[in-house]
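What follows draws every value from the coordinates through simple rules; no lab data is involved. Note that the coordinates shown come from a computational prediction; the quantities given were computed from them, not determined experimentally. All Cβ positions, glycine included, derive from the backbone under ideal geometry; neighbour counts span all protein chains shown.
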Amino acid sequence: MIIAIPEALRQKLGPEGARVLADLLNVACVQTRGDVIEIAASRFERGLAEQTARFKTRLAEQTATFEGRLAEQTAKFERRLLVGRR
């Protein structure tokens with residue numbers, strides 16, 4: 001990123017001072033951008049982990065429900081087979 005130092009400030013600081021200030025602002029900008037990206041990535045990862053945990057919990061609940069219903073239907077089917085054999 002290139003920072004343009006206003007003419008009035010460049011005159012007060014001089015060429016070297018204006019260059020040093022521009023360099024300082026550019027470094028600060030790059031560091032801030034990196035910090036923002038790091039924070040955003042951290043928040044995204046945390047949110048993704050939370051959503052994944054919720055999904056896994058819900059999936060486990062649904063699996064348990066399905067397995068319970070399957071066991072009930074299997075038991076009913078087996079009873080019908082036993083009644084039919086008598």
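Observations on the model:
- Ellipticity at 222 nm from helices only: DSSP H runs of n ≥ 4 in the chain, each -39500 (n - 2.57), divided by the residue count, give -35000 deg cm²/dmol.
- Put a dot 7 Å past the Cα of Leu59, heading toward its Cβ, do the same for Arg85, and the two dots end up 3.8 nm apart.
- Eigenvalues of the alpha-carbon gyration tensor of the chain, scaled by 5 and square-rooted, set the equivalent ellipsoid semi-axes at 74, 7, 6 angstrom, largest first.
- Rounded to 10°, Cα long-axis angle of helix 7-85 versus longest principal axis of the chain: 0 degrees
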